[in-house]
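What follows is a short report on a single structure.
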Amino acid sequence: MQLRDHDPITLDKFNGLWAREDPDNTPLDHFQDCQNVRHIGNSSFGTRDGIGISQDVLVPLSNVKRIYNYPMQDGNTLIVLVKNDADQGEIHHVVDENTTFGPVLTVAQMDDFAFVPYAGRAYISPFTDFSNGELTMQKGVQNEFVYVYNGDGTQARKIAGSPLTGTLTIANGAAGHTDPGLHIFGFVSETDTGFLAAPGALASFTTLSTNSVSFGTVPVSADPHVIKRHLVASKAIVGFNGDVTGYQLFFVPNATINDNTSLFLNNVSFYDADLLDDASHLIDNFTSVPAGAVLSIYHNRLCIAATYNDISLIQVSAEGEPEAISQIDGLIVVPLDGNPITNIQELRDVMYVFKRSRTVAFVDNGDVPSSWQMVVIDNALGTCVHGVATVLDSGSASVDYLAVCSYAGVILFNGQFIIPELSWKIEEYWRTLERNDFDLIQIVNAPIQKEFYIVLPTRLLLSGNYSLGMDPKSMRWEPWGYIMGVNTVAIHNIDEIILGADLG
Amino acid sequence: MAGTYSLEVTDTIASSVGSWNDAVDCGSSFSNAKLTSDGWATQRACFGGNNPNNIAIRFTFSLVAASIRLDGGPLIAFAGLPNGWRPTSAQLAVFLKSFNGITQCFIQFDAATEQSVTLFNGNKTFTNPNSLSALDLFNNGCGDSCVSSQVFSDLTIQGIGAAVKITGNYTIDAVTSYLTPNPLTIGKNLATGNDLPDLLEIHAPNLDQVTSVNLAWTDKNSVPHTINIPASQFPVHTPTIIVIHIIPIPPFFPPRTTPNVTVTGTTFSGSVPLGTLTIQFETGSGIYRIVKNKRNDTLYLGSTSVHWVNVYNIIELTDEYEEMVPINPVLLTQQGLPEEEIVEDDPAFFVQSTSTSAPDTNDVKIPDPFVELGYIGG
């Protein structure tokens, strides 16, 4: 039917929610309001996809607070935080729909956790909310530590460890060779995750050129995860001052006890020229690493930030040794401004460090982390603890950018924040979100579906479709609601979107 | 179990009707409101005026202070009585002393339960013909009321003095009770989105004097909360059944501590556990995945959180004490803290679940898909 003087208006395109400025100015191809619809092709829409259960076990996990994708060497799994009836945080490992391990870690005050996978293992840092005036901030649980979980259903344990202690018995061994003179000897324990503790049970002994050296009463570690013990030694010392802790120590080649039970290591021959692998730096490492709200990997280094006592401190491990963090030169301080570090992300070989309204960068210069120079990227924009989009199974960047949730909206970041923000169409909608609840926001990027999925503090899931282009005007946004409400999202097995819901 | 008891008056709660004039010798050897070592309580009341024709003395018994002896033992407070304690008999012993003009007196448990006495300056006993609740026994107390038809001059003094003691036998009731439905599932029906029935029936004897039901718990932030459901809000209230609404009000669910449910005001004293209640609620919490082209949401149904709730029963004290005593301390002493859900909190514990049994699920429609278009102007 056509009324006189009225031309029909054909609506043949629907480009999602428009929530900025006056609702009367909503373009005709957008929605003033919508819920539970998704785009079909370029111009149509329909009811969103339904959800199915992810655990086909008799007693599935409930009261789910946080889910991360946990890629292991033989497949993708999930690592899940739930709250038990005693209000304790429990970490469970969901291997597949029929197999769940856990709890592999229980921490009373753990309301959330930071996670990073590395070499098939899971590094876990419990954190929670703290109030600082009107600001709610996230930092590591007090008196708690970073844990590592091996992925096999055994209990997670604190990373790092204490040195061996005891009295080493040293004697000349069978015929062999050493550079004669006084040496300092000791042993370094190694865990099943490859962590090398500081040298312990140090003792001095004067070797002979024609004999090897034998060791008895080699201390064993109380840590059940210790699987090896390595002999360390100094080069021959002239003018020994009596302090066994004051000399450089090296790993002795081929002098390893491959268990944590044997009490002796006999007939070790070496020359000082064989002592090339320095072990001295192990002395400076943390024996247990304080928990933080942020975990990340940069240049094969584990980075931990926002601990209970130092909200602007980053603890950076040695390269390839995620549990070896020097208390002297493994620390980086971001300028103190009363706000904690919220996120760390590598992009194009640069480590970007975010606070809620600040972004800085560091570059590995090949020297120790404390020597890395800081570069200010933005003094107004930052993100929240789960505000950098996870892409597929591993990480962060996709097509050389990050998608970041900031107070201003969802913004692309390629070394600088790209304005206008991707969520420009829903600016008003985004600004209604409670800032103190931004830690509840979690974003994943599903490049196969060409969609962002963002859990909002309102327990809705915000879908951002970029199949028409990843720019502010081509984005199509729709909020999705569920009867139970959602509070966490993860992407799994390339394009499987996982949702979690608690009792709220 | 049975035995004997004796109730003793505390000197702070005795009362009398009349005007006592210290300047006038009432002629009595009784002192005012005194508890003697043998359990007798004394009180006197005198008039020295025109046309006094009624003098009364009433004794009540403290529910707070130690005022009752069991089997000759030490004095204990009402709340310290064993669970299910109930008097099977009550005998009032009175020693009356009258003065000028009193011709007839009544000794009484309450105004409707009395016996005429004419014997003065001597002992008189009166056995209560009715069955008494523990609460009646304490709250009604006992007393005497004397009348005179004579009119005396201003200078004429008339008065009475009384000494009283209540003794009797008691028994311990083994109260059987149950709660239904148990477990009780409350909250939202995930299939329909409607509220589930939230009515809990408490079945037990002697519920007719219950005045309220209390729920006390702490939330996840360790903040204590209490809901008091007065008898006026009971949908059903009979001597054997009380029905209440269990309301899933945040932050009640999930509570950090096991909620305690208490009923207030019963005919038996002490505390009687009425049963253990399991509360379930459908939350749909769990791990889900988005399924392309799926036309509904499949939610977990069996993953409801279960909380064990002990139901306690305490006596009403007085109005001002009601809110102060949500849980009977004796019951806590005897039974410890309320039983809690068994929670495996051993950090060394882990379970490998390899069950192929399917969880309970429910398919629900995708809630309210809608769009609201932009303004189409003319």
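Whether any residue in the stretch A:467-476 is of a type outside the set (Val, Ile, Thr), within 18 Å of residue B:293 (Cβ to Cβ), more than 9 Å from chain B (Cβ to nearest Cβ) and more than 21 Å from the chain's Cα centre (by Cα) is what I want to check. Yes.
Taken over the stretch A:340-356, the criterion of being of a type in the set (D, E, K, R) and in a strand (DSSP E or B) is satisfied by A:346, A:355. Looking across the stretch A:1-41, the residues that are part of a loop (DSSP other than H, G, I, E, B), more than 9 Å from chain B (Cβ to nearest Cβ) and within 13 Å of residue A:476 (Cα to Cα) come down to A:13, A:15, A:16, A:19, A:41. Considering the stretch A:299-319, and only residues there that are surrounded by 24 or more Cβ atoms within 10 Å (Cβ to Cβ) and of a type in the set (Ser, Thr, Tyr), the residue that is farthest from residue A:194 (Cα to Cα) turns out to be A:307. For the stretch A:42-69, filtered to residues that are part of a loop (DSSP other than H, G, I, E, B) and more than 8 Å from chain B (Cβ to nearest Cβ), the residue that is farthest from residue A:103 (Cα to Cα) is A:43. Within the stretch A:151-166, one or more residues are under 26 Å from residue A:319 (Cα atoms), more than 13 Å from the chain's Cα centre (by Cα) and in a strand (DSSP E or B).
Identify all residues within the stretch A:53-85 that are surrounded by fewer than 19 Cβ atoms within 10 Å (Cβ to Cβ) and aromatic (Phe, Trp, Tyr); write none if there are none. If the condition is that a residue be surrounded by fewer than 19 Cβ atoms within 10 Å (Cβ to Cβ) and aromatic (Phe, Trp, Tyr), then no residue fits. Screening A:439, A:502 for residues that are within 12 Å of chain B (Cβ to nearest Cβ) and not aromatic (Phe, Trp, Tyr) leaves exactly one candidate, A:502. Is at least one residue of the stretch A:93-108 within 12 Å of residue A:291 (Cβ to Cβ) and within 15 Å of the chain's Cα centre (by Cα)? Looking through the stretch A:93-108, none of the residues is within 12 Å of residue A:291 (Cβ to Cβ) and within 15 Å of the chain's Cα centre (by Cα).
The numbered conditions (1) among the acidic types (Asp, Glu); (2) touching a strand residue (DSSP E or B) at 6+ places or on another chain (Cβ under 6 Å); (3) closer than 30 Å to residue A:206 by Cα are all true for residue A:272 except (2).
Among all residues of the stretch A:242-258, there is at least one that is hydrophobic (A, V, I, L, M, F, W, C) and modelled with pLDDT under 95. Within the stretch A:100-129, the residues that satisfy the criterion of being within 14 Å of another protein chain (Cβ to nearest Cβ) and surrounded by fewer than 18 Cβ atoms within 10 Å (Cβ to Cβ) are A:108, A:109, A:129. Tallying residues that are free of Cβ contacts under 8 Å to residues at least 40 places away in the same chain and surrounded by fewer than 20 Cβ atoms within 10 Å (Cβ to Cβ) within the stretch A:12-48 yields 17. Quick one: in the stretch A:231-243, of everything that is touching a residue at least 24 places away in the same chain (Cβ under 8 Å) and in a loop (DSSP other than H, G, I, E, B), which residue is nearest to residue A:286 (Cα to Cα)? So, considering only residues that are touching a residue at least 24 places away in the same chain (Cβ under 8 Å) and in a loop (DSSP other than H, G, I, E, B), the one nearest to residue A:286 (Cα to Cα) is A:234.
Inside the stretch A:484-497, can you point out the residues that are facing chain B (nearest Cβ under 7 Å) and either under 19 Å from the mean Cα position of the chain (by Cα) or crowded, with 22+ Cβ neighbours inside 10 Å (or both)? Once the filter is applied, which keeps residues that are facing chain B (nearest Cβ under 7 Å) and either under 19 Å from the mean Cα position of the chain (by Cα) or crowded, with 22+ Cβ neighbours inside 10 Å (or both), the stretch A:484-497 yields A:484, A:497. Looking only at the stretch A:333-360, residues that are within 11 Å of residue A:377 (Cα to Cα), under 17 Å from the mean Cα position of the chain (by Cα) and hydroxyl-bearing (Ser, Thr, Tyr) come to 1 in all. Looking at B:80, B:101, B:141, B:84, just one residue is at positive phi, at pLDDT 75 or above and crowded, with 16+ Cβ neighbours inside 10 Å, and that residue is B:141. Just so you know, in the stretch A:70-99 the residues that are facing another protein chain (nearest Cβ under 9 Å) and outside any strand (DSSP E or B) include one that is nearest to residue A:126 (Cα to Cα), and it is A:88.
Within the stretch B:121-146, residues that are free of Cβ contacts under 8 Å to residues at least 40 places away in the same chain reach partners that are in a loop (DSSP other than H, G, I, E, B) and surrounded by fewer than 20 Cβ atoms within 10 Å (Cβ to Cβ) with beta carbons closer than 7 Å, at six or more positions or on different chains, in the pairs B:127/B:89.
In summary, strands (runs of 3 or more DSSP E) completely within the stretch A:247-325 and bearing 1 or more residues that are under 33 Å from the mean Cα position of the chain (by Cα) and free of Cβ contacts under 8 Å to residues at least 40 places away in the same chain occur at A:250-257, A:313-318.
The values are calculated or read from the model by the stated rules, or taken from the named source; none is laboratory data. These numbers come from a predicted model, not from an experiment. Counting neighbours? That spans all protein chains shown, and the Cβs are built from the backbone with ideal geometry, glycine included.
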